[in-house]
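Could you have a look at this structure, given as structure tokens, before my questions?
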Amino acid sequence: LPMAFRDVNARRHIGLQQLSSLALAGRTLLGPMKSCKFIVDESTNQSTLICSAVRLIESLDLSSAAGQLLNETIQAQNKEFKTGMSTLLFLIGAWSNAILECLQQNVPVSAIVSVMSEGLNSCCKRVQCLQISIHDVNKELCSSSVRPNAFKSKTCQIGPDSLLNPQNFPYFQKDILAPEEVIPINSCSHQDDCHFNKCLVSPLASFGSIASLVKPAGDKSTSVSSGSGVIASSCNKQKLTHSRYFSTLGKSHFSSQQGNFQGYLSGQSADACECYGLGHLAVTLSHGNQASMKLLQSIVAYQQERAEGSGSSQFNIAEIVTCCLLGLPESYSCVFPGLVTLVSPEQATVIKYFEDKPLRILLMDGDLTEQYRHLGFNRPCNVRTVLEHPSLQEGRAGDLWLSSMLDILISFEVNLVLVKGNVCENLMERCIANSILVIGSVTRDVLRAFGEVTSAQPVTYLTQVNAACVGSGAQVELWKACDGRAMDLGELVPVRIKVQGIPLLTAVLTTTVPSKMQLIEDRFWTLVYRLHHALNDEKVFLGGGAVELLCLGHIQMLAEQPLQPANKNAVKEFHNPWLAASATEYKSVVLQALASGWKQYLSVVLRNTAKAASELEACTLVDHHLKKAADSGSPSAYILKEFRRGDLLRGGSGPFADHGDSLKVYDNVTAKTEAWRRALDLVLLVLQTDAEIITGPKRNQLLNSHVSSEFMFL
């Protein structure tokens with residue numbers, strides 16, 4: 001990625017300039033109304049659509065040390081929270097620029113580090129008043145006046161003229177699942193009481209009643225819809241070197257075609273009601289991600305129904321997996337109990353033989369290869385036997401292993417093997433020839449879910465198999481689209497493995513645009529983890545810029561306070577009276593630099609959501625709210641009041657503009673504050689590293705050297 005770094009001053013803080021330039025590419029990814037980017041690889045002319053900081057950073061050429069640190073910081077946030085990366089990336093760039101401005105004013109590095117750290121800590125304490133418990137959120141949702149007619153149903157069509165109505169379908173098919181796996185989602189009228197955790201909320205529903213869409217297990221019903229040819233693709237992991245912008249002007253309207261009526265839950269089919277719970281909490285955390293929100297609501301309804309009977313957790317992220325299918329419209333995305341995965345056409349022939357038959361299942365917690373050994377295995381002493389014909393002997397040994405493994409599976413009448421790791425191709429072929437289905441690369445959570453309902457016990461090696469390890473009751477079928485036909489993906493075929501009472505749910509994500517597949521999956525998991533972290537924190541932040549606005553006002557208030565002499569604690573902390581006095585002298589300048597990051601954040605969000613036509617208009621709107629908050633005497637009370645009214649930094653557009661002012665937006669607490677801290681920590685680390693190199697014994701040689709920029713940041 002070619003970069004043009006501007007000259008800052010004689011000290012040339014290259015690391016900060018690199019962070020600023022890298023972060024600049026992610027400005028359009030901030031806020032709920034993101035503008036996607038097409039990342040193009042010039043060498044292959046392949047492109048992919050990205051809408052997250054993680055995919056952007058993965059696609060850029062980060063050869064510099066600052067770029068590598070940026071990548072590690074983004075990946076750490078993604079690994080822990082799966083959300084907050086765009087905020088993290090933006091603040092890294094904003095605060096890098098702010099610090100560069102401080103350096104132009106000859107502010108000492110020690111003062112920048114001290115005051116900025118102190119200011120952020122003060123912000124994190126100040127915004128605690130904008131935290132609201134999950135219990136209070138649900139109470140507020142139940143007492144709010146969400147009008148059912150605020151969510152307008154749309155007529156759904158399959159093909160040019162046919163209405164999507166269950167009465168129009170001439171063919172109905174019974175699902176194998178037991179009745180308890182069909183989740184009854186209550187349909188509530190305006191007068192119904194709100195039963196927390198009992199109703200599924202889907203304000204974007206496209207049908208009048210959920211009762212007509214969720215069929216009992218004994219109802220032989222199926223829906224008719226237009227199908228299309230499907231192909232499979234894998235995510236391109238090549239490094240990409242440049243990007244061009246793909247801006248979505250206006251709102252995205254997803255088609256409202258119904259997915260399937262065969263006992264599984266479709267994200268498109270929930271009825272609008274006034275019952276609130278985790279399903280509606282998902283709406284407030286969705287930030288406009290409507291398609292993923294409806295899928296998550298279906299998952300929440302299924303898990304809540306199970307939780308009421310078993311006393312288990314009401315939302316378990318370990319019981320959710322995804323399967324990406326390319327070739328069907330996005331409206332076909334839906335949620336299935338069990339595992340939906342992709343297999344080869346040869347394996348699909350075995351599945352056709354097994355359909356509607358109970359199978360004996362074996363779970364393997366490792367690789368199904370001859371060379372695999374479990375972690376911690378102690379190999380014998382390093383003695384190697386040299387043979388005259390090693391290839392012939394090795395071939396015989398391999399055939400012996402294949403035969404013995406196959407004999408074990410046949411002797412215990414195993415029909416289905418789920419393997420956590422890789423599977424030997426030769427063994428796979430022999431199993432197919434003997435009507436044994438082996439599926440590899442299955443996560444441990446999936447193995448655990450199947451073990452709970454089939455009584456199968458995971459083993460590390462096939463030689464450990466005994467009768468008690470083999471489970472029963474599993475069923476396999478070819479996955480069917482909403483028109484009831486099995487889908488052939490060419491190289492891969494989608495199949496469904498299910499067991500009565502299994503807690504595992506698969507979100508089948510579909511699209512006809514290959515470059516959009518990864519984007520859809522990322523958005524789904526982002527929303528899932530937002531709900532997961534909100535329940536873990538047991539509290540959420542007010543969203544819509546409320547927290548950042550309070551931070552901005554708080555920092556500006558601190559910056560306007562009159563200078564005070566350095567106290568004894570500050571002198572003791574710095575071990576130097578001059579450093580303490582320096583921090584006090586430059587406190588206002590540094591705090592204003594910190595505040596500029598929040599102001600840029602809010603202005604960019606306003607522009608990305610089309611609530612401000614220009615940066616000047618956005619800054620004017622922010623200043624207007626800051627003045628009104630300061631004049632009120634209690635900024636936090638003012639922000640809370642405006643938030644509840646729906647007037648805080650809101651215009652005529654946004655993710656919930658069509659749904660009235662009663663729909664609030666919330667953010668994760670820990671994920672957001674950790675993104676702030678990580679952003680500032682990285683910027684200050686780069687700042688201090690640059691400063692140490694510049695002020696070293698060879699300072700003059702480095703500054704005057706033509707190659708100094710290559711070694712300025714190690």
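Being in contact with a Leu (Cβ under 7 Å, 6 or more places away or on another chain) and part of a helix (DSSP H, G or I), is that true of even one residue in region 629-636? Quick ask: steps written out before the conclusion?
Pass one, region 629-636, residues in contact with a Leu (Cβ under 7 Å, 6 or more places away or on another chain): 635-636.
This time we only want the ones that are part of a helix (DSSP H, G or I), so: 635-636.
Yes - at least one qualifying residue is present in region 629-636.
Go through region 507-529 residue by residue and tally those that are within 15 Å of Ile50 (Cα to Cα) and either part of a loop (DSSP other than H, G, I, E, B) or over 8 Å from the mean Cα position of the chain (by Cα) (or both).
Here is the first cut: in region 507-529, the ones within 15 Å of Ile50 (Cα to Cα) are 511, 513-526.
From what's left, either part of a loop (DSSP other than H, G, I, E, B) or over 8 Å from the mean Cα position of the chain (by Cα) (or both): 511, 513-520.
Matching residues across region 507-529 total 9.
Quick one: how many residues across region 534-545 are at negative phi and surrounded by fewer than 23 Cβ atoms within 10 Å (Cβ to Cβ)?
In the first step, residues of region 534-545 are kept if they are at negative phi; the result is 534-537, 539-543.
If we keep only those that are surrounded by fewer than 23 Cβ atoms within 10 Å (Cβ to Cβ) too, we end up with 535-537, 539, 543.
The qualifying residues number 5.
So the check is Cβ under 9 Å with 6+ separation or different chains; which pairs have a first residue in region 435-461 that's over 19 Å from Val423 (Cβ atoms) and a second one that's basic (Lys, Arg)?
Final answer for the pair search is Thr454/Arg360.
For the subset of region 327-370 comprising residues that are among the charged types (D, E, K, R) and out of contact with any strand residue (DSSP E or B) (no Cβ under 8 Å at 6 or more places or on another chain), which member is nearest to Cys482 (Cα to Cα)? Before you say what the answer is, go through the steps one by one.
Narrowing region 327-370 to residues among the charged types (D, E, K, R): 330, 346, 352, 355-357, 360, 365, 367, 370.
Next, only the ones that are out of contact with any strand residue (DSSP E or B) (no Cβ under 8 Å at 6 or more places or on another chain) stay: 346, 370.
Details: Glu346: 24, Glu370: 41 Å.
If we take residues in region 327-370 being among the charged types (D, E, K, R) and out of contact with any strand residue (DSSP E or B) (no Cβ under 8 Å at 6 or more places or on another chain), then Glu346 is nearest to Cys482 (Cα to Cα).
Here's a check for you: in region 630-653, which residue that is under 29 Å from the mean Cα position of the chain (by Cα) and open to solvent by 50 Å² or more (accessible area, probe 1.4 Å) is modelled with the highest pLDDT?
The initial filter retains those residues of region 630-653 that are under 29 Å from the mean Cα position of the chain (by Cα), namely 639-640, 643-644, 646-653.
Filter again for open to solvent by 50 Å² or more (accessible area, probe 1.4 Å), leaving 640, 644, 647, 650, 652.
Details: Leu640: 91, Arg644: 86, Asp647: 72, Arg650: 61, Gly652: 39.
Of everything passing the filter in region 630-653, Leu640 is modelled with the highest pLDDT.
If a residue has to be open to solvent by 10 Å² or more (accessible area, probe 1.4 Å) and either in contact with a His (Cβ under 8 Å, 6 or more places away or on another chain) or not in a strand (DSSP E or B) (or both) to count, how many in region 334-349 make the cut? Break it down into steps so the answer makes sense when it comes.
Taking region 334-349 as the starting set, the residues that turn out to be open to solvent by 10 Å² or more (accessible area, probe 1.4 Å) are 339, 341-342, 344-347, 349.
Remaining after also requiring either in contact with a His (Cβ under 8 Å, 6 or more places away or on another chain) or not in a strand (DSSP E or B) (or both): 344-347, 349.
Residues flagged as open to solvent by 10 Å² or more (accessible area, probe 1.4 Å) and either in contact with a His (Cβ under 8 Å, 6 or more places away or on another chain) or not in a strand (DSSP E or B) (or both) within region 334-349 amount to 5.
In region 584-627, which residues are among the basic types (Lys, Arg) and either touching a residue at least 40 places away in the same chain (Cβ under 8 Å) or under 24 Å from Ile99 (Cβ atoms) (or both)? Please lay out each step first, then the result.
Applying the first criterion (among the basic types (Lys, Arg)) to region 584-627 yields 587, 599, 607, 611, 627.
Of everything in region 584-627, those that are among the basic types (Lys, Arg) and either touching a residue at least 40 places away in the same chain (Cβ under 8 Å) or under 24 Å from Ile99 (Cβ atoms) (or both) turn out to be Lys587, Lys599, Arg607, Lys611.
When you go through (1) open to solvent by less than 50 Å² (accessible area, probe 1.4 Å); (2) modelled with pLDDT under 95; (3) of a type outside the set (Gly, Ala, Ser) one by one for Phe81, which number turns out not to apply?
With (1) open to solvent by less than 50 Å² (accessible area, probe 1.4 Å); (2) modelled with pLDDT under 95; (3) of a type outside the set (Gly, Ala, Ser) applied to Phe81, the lone miss is (2).
Is it the case that Lys82 is of a type in the set (D, E, K, R) and on the phi > 0 side of the Ramachandran plot? Don't jump to the end; show me each part of the working.
On the way: of a type in the set (D, E, K, R): yes; on the phi > 0 side of the Ramachandran plot: yes.
So Lys82 passes the test.
Which ones in region 41-71 are open to solvent by 20 Å² or more (accessible area, probe 1.4 Å) and hydrophobic (A, V, I, L, M, F, W, C)?
Initially, region 41-71 is screened for residues open to solvent by 20 Å² or more (accessible area, probe 1.4 Å), giving 42-48, 52, 55, 58, 61-65, 68-69, 71.
Passing the criteria: Leu62, Ala65, Leu69.
The values are calculated or read from the model by the stated rules, or taken from the named source; none is laboratory data. Here the structure is a predicted model, which means the values were calculated and not measured. A quick note on method: Cβ atoms are made from the backbone with ideal geometry, for glycine too, and the neighbour counts reach across all protein chains shown. To get the accessible areas, we keep the full protein, side chains included, count just its heavy atoms, and leave off ligands, DNA and RNA. Shrake-Rupley method; radii C 1.70, N 1.55, O 1.52, S 1.80 Å.
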